[in-house]
Each structure stands twice: as C-alpha cells, then as structure tokens.
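As structure tokens, the structure follows; a few thoughts come after it.
The values are calculated or read from the model by the stated rules, or taken from the named source; none is laboratory data. Computed from a predicted structure; not experimentally measured. Note: accessible area is taken over every heavy atom of the protein model, side chains too, but ligands, DNA and RNA are not part of it. Shrake-Rupley method; radii C 1.70, N 1.55, O 1.52, S 1.80 Å.
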Amino acid sequence: MKVILSKLGIESKVSGLHTGIAPVELNTNDFFESFSPVDGRIVGTVQKASIKDYESTVERALKAFQYWRQVPSPVRGDLVRKIGNRLREFKEPLGQLVSYEMGKSLQEGLGEVQEMIDIADFSVGLSRQLYGQTMHSERPVHRMYEQWHPLGVVGIISAFNFPVAVWSWNSFLAMVCGNVSIWKPSEKTPLSAVACFNIIQSVLKENQIPAGVLSLIIGDVSQVGEPMLKDRRISLVSATGSTRMGRHVAQVVGQRLGKTLLELGGNNAIILTEKANLKLAAPAIVFGAVGTCGQRCTTTRRLIVHANIFDKIKDSLVKAYKGLRIGNPLDQQNHVGPLIDREAVDGMQLALKTAVEQGGKIIFGGQVLPQFESGCYVVPAIVEATRNMMIVGHETFAPILYLMKYEGTIDDAIQMQNEVDQGLSSSIFTDSLMEAEQFLSHWGSDCGIANVNIGTSGAEIGGAFGGEKDTGGGRESGSDSWKSYMRRQTNTINFSSNLPLAQGIKFDL
C-alpha cells in the first residue's frame, strides 16, 4: 500500500484543502485519521480545514467562476477529456486505494474509477449538446426561445461508499455547464479524494486553469458542511447520503431558497414471478445483495418471491451464500469485503436482532467474523420476513437480504415493492412480456430505476441516476441530468415596429 500511496502522491500526513492547482498547507494540529476496514490500519492522516479555510475556498471559487463561465463549452469539455485521460493513467492505483480505504472489492474499486472515466467521456460529448429549444410566439414578428446558463458555485457532498465516482458525476457535468465546484468528501474516505486532486492538478496547471475551478475541502460538519448549506453563494448543493442527512440538507438549503440535488436512501427490491428465469436471476440477486458488502444505495435489500417457487429460491440462495468467500477485498478470489467500520457492524447486528423480535427468521449468516483484526467483517445474512415487519421498511446499510413471499398476481408483488418509503432501484425477473410491461408502466414500479431481467445494482452512466420519495428526487449522471446544474432562461425578441402584448391585451397611450 505504501507503493500505491506514493504513486498517488500521498504522504502519511496530507492537507485537507486543495485549490485544484495545488494543496494548501494548513496550520493546524486537528486531523482526520483514515482507517482501513480491510486490516484495521491507519492509512494516513488529513489536516482538517477550518471555517476560515472554507471562506477562502468560496472566494477563490467565485473568482474562478468569472473566468470559467466565459470559456466556450466545447473548450470546457476538452479539459474534462484531458482529466479523463489522466484518470486512465492512474486507474489501477486509484482503484486499489478506493478498495483499501473503503473496503469494496478490487474489481469494484477499479469499476468506480472506470465510472469516472466514462462520465468524463459523456461530458465531452455533452459540451456540444447543451440544447435549448425555440417556441412559436403568439405575437406576430416575434421569436421565442430558451437557453441554459451556468449556476455558479456547486457544492458537492459525497458519501463513503462511492468515495470518488459521485464527485465526478457532479463535477464533470457542472464543469461543462460552466460552473465551478467545491467538494466535501466523506471523512471516512478522505485519502481517495486527495488522490483524485493529486492526479488532476497537473492537467489544470498545463492548461493554465485558475485555482478554484475545482476545489477540495475536508473538514468537520460545523466548519465546512453547515456553512456550505447556509451559504447563499453556493447555487446548488448536491448531496449523496442517508435520508436523514438529506432531510437536513433540504431544510437548511430550502430556507434560503437554494437548489438541491439529493441522492439518498434505497430499499431496493427484486420481484421473482413464477415465470422468472431462475438461472439468470441467481447471480443478480447475490451480487445485488452482497456486493460492496451491502453498502450500495442500489443494494438489493428485499427479494419478493412468488409462493410457488419460494422454497426452491430459499434453498438455492442458502447454497449460494455458503459458497461466498469473505476476506481481503484486494484479493480477487474473494467475493465480500468488510463493512466500513465497527459502527456499521453494530448497526447490522441491531437490525438482525430487531428483525427476529418482529417475527423474522435468520436462515443464513449475520455473524461477525472474529479472525479479522479490523472487526469489520461479517457473514452476509438472509432473513425470512413478512411485509408487516417495520424493519423491512428501513434501509440498513449492510448485507441483509429480506426474503418475502407473495401470493396471487403481479399486482400484489408490485404493491409490496412500492409500500416502502424509498424509491430508488427496482427489478423484476420474468419471461412474461405482460408482467414486464406492467412493472414498467405508470401503475408499476414507483422507483427512479426499474429493470427487467437484471438486478437492482450497477447502473450505467448514460441514464439519469436517482429516485423518488425518500430517495430525494434528484438525478445525477446521464440523460438530461445536466439541466440540474444550469438555470433556464426564456427569451422573446420583437423584430417588428409594433409592440403587441401577449394574451391580446390592449394598452394604448
């Protein structure tokens, strides 16, 4: 790991403030320690930024915005292209650090960096496609159209489970739209964020980009997070995390009538009908439930199975779970790594205890594995449950799969899926066209993502990512999510010698 950190320019102690061009040396003895759940070791320490550092960061970003918004969008896209190419050069060490600091498998760590590269490619094309539209005016010799302008400074708050990709989804799109951004990453995975800026700073320098177009600030909530939410100079706050956190962000930013983009909790279900291809469904269920040790917002948390195939599915799942290899995620022979920290382990144990108290039955797993020094490794659990158990409606960020039975038609299964508060990702496995189309209809899944014959986890960057209800309603990444980072302006041009009013109103002087 020392070799990997060296490649990424990370020493044992690093600054929590970066202007995009260079790190800023901080005069403080207050640090975050980056703890690896893989082996329980301290990866490194990060100096905490203060409220004074936050203020200087915003001022720098505002100044940079005056320059950046004047740069033509295709030129902005070309810079993102160069950043994406630099990330390609460092994909392996950055993916390894993500895996080690967060605890996800090496394949998932590399995949996360690939997402950054992919969204860079997407953003390059987007830089030439920031389309408005024209409308026919009711007034003669008038023209109407709309255009999109940059917002200004975008604040990005990301979570530990995707320590680098979420930043790129937001910042790269924001960049081509003409915005500048300030990133506050999770204090649980700060070194991955520092590594990103160490990688891209040379690109910004080579292209003579001023400090503040991209900024990184790592500090306590009171010193960085809350000031960002309350700051009227921050035009948009994009926050990824728990529903509880999102409610607070929405409330504080809403009080100043600011804009938010919220990507919050998921309580995702897969429906297996009688007409499901079980061979196809099995790997999707298992990966969806145990990938990233159950710490994806799109993790499969509920499996809704028709009664006629319930026992068969239960037996096959237990068999599959018995074959899972749990251990160091950097070892590609292992399927499951650790939870992020011991607090997450305690949360999983409490959820399992609650499930049993509410009538559930643990049919596999749930144990903490004492042979690992970090104390963060667990056996993924399967719990036979019913829809009326309150814990089933709660998102526990851990590998717990609630196995539930439905009887009757696809309507019953869809109702079970939709009756939770969250609405992120959903999936159905069926070979019936009618069942699939009903699931995708406007009276079907109420989630922002609805899949047929693939799992809930693993969205592509080309589509808008996000969900409804307690998931927050925001959309990141592809499709027309770029509109979140811009303000719409409607323009009307009169090229006549008269002044007719809309709606036929007469006003003669």
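Dividing the summed helix terms, -39500 (n - 2.57) for each DSSP H run of n ≥ 4, by the number of residues in the chain produces a 222 nm estimate of -11000 deg cm²/dmol to the nearest 500.
Excluding ligands, DNA and RNA, the accessible surface per residue across the stretch 11-112 is 44 Å² with a 1.4 Å probe. The alpha carbons of the stretch 1-160 give a radius of gyration and a Dmax of 20.7, 73 Å, in that order. The equivalent ellipsoid that matches the C-alpha gyration tensor of the stretch 291-393 spans semi-axes of 24, 17, 12 angstrom, in descending order. Dividing the mean sequence gap of close Cα pairs (under 8 Å, 6+ apart) by how many residues the stretch 109-224 holds gives a relative contact order of 24 percent.
Largest first, the three principal axis extents of the alpha carbons in the stretch 354-509 are 85, 46, 30 Å in whole numbers. Normalising the Debye intensity of the stretch 194-352 to I(0), with uniform scatterers on Cα atoms only, and taking log10 at q = 0.15, 0.16, 0.17, 0.19 Å⁻¹ returns -1.03, -1.08, -1.12, -1.22.
Whenever you get a sec, compute what percent of the accessible area on the stretch 202-360 sits on carbon and sulfur atoms (1.4 Å probe). Using a 1.4 Å probe with all protein chains present, the stretch 202-360 comes out at 50 percent carbon and sulfur. 3J(HN,Hα) along the stretch 307-322, derived from phi through the Karplus expression 6.51 cos²θ - 1.76 cosθ + 1.60 where θ = phi - 60°, amounts to 4, 5, 10, 4, 5, 5, 5, 4, 5, 5, 5, 4, 4, 5, 5, 5 Hz, with x in place of Gly and Pro. Values of log10 I(q)/I(0) for the stretch 182-264 across q = 0.10 Å⁻¹ run -0.29, by the Debye formula with one identical scatterer at each alpha carbon and no solvent.
Both numbers refer to the Cα atoms of the stretch 426-474; Rg and Dmax are 11.3, 32 Å. Based on the alpha-carbon gyration tensor of the stretch 468-509 and its eigenvalue square roots a ≥ b ≥ c, which shape applies: rounded if a/c is under 1.5, prolate if not and a/b is larger than b/c, or oblate? Because a/c hits 1.5 or more and a/b exceeds b/c, the stretch 468-509 counts as prolate.
Surface composition of the stretch 1-121: carbon plus sulfur atoms contribute 49% of the solvent-accessible area (1.4 Å probe, protein chains only, all chains present). Computed from backbone phi with θ = phi - 60° and the Karplus coefficients 6.51, -1.76 and 1.60, the 3J(HN,Hα) list for the stretch 234-249 is 8, 6, 9, 10, 9, 10, 10, x, 6, 4, 4, 4, x, 4, 5, 4 Hz; x is used for glycine and proline. Here the Kirkwood formula puts the hydrodynamic radius of the stretch 1-88 at 15.7 Å, using every distinct Cα pair.
Whole number in Å², please: accessible area per residue of the stretch 306-359, 1.4 Å probe, ligands, DNA and RNA not counted.
Numbers: 2940 Å² over 54 residues.
On a per-residue basis, the stretch 306-359 sits at 54 Å².
Relative contact order, percent, of the chain when contacts are C-alpha pairs under 8 Å separated by at least 6 residues? That works out to 18 percent.
Pair-distance distribution of the stretch 347-446: all C-alpha pairs, bin width 10 Å, starting at 0; shares per bin in whole percent are 14, 38, 29, 14, 4, 0. Note on the stretch 136-246: Cα convex hull, mean projected area over all directions, 10.3 nm².
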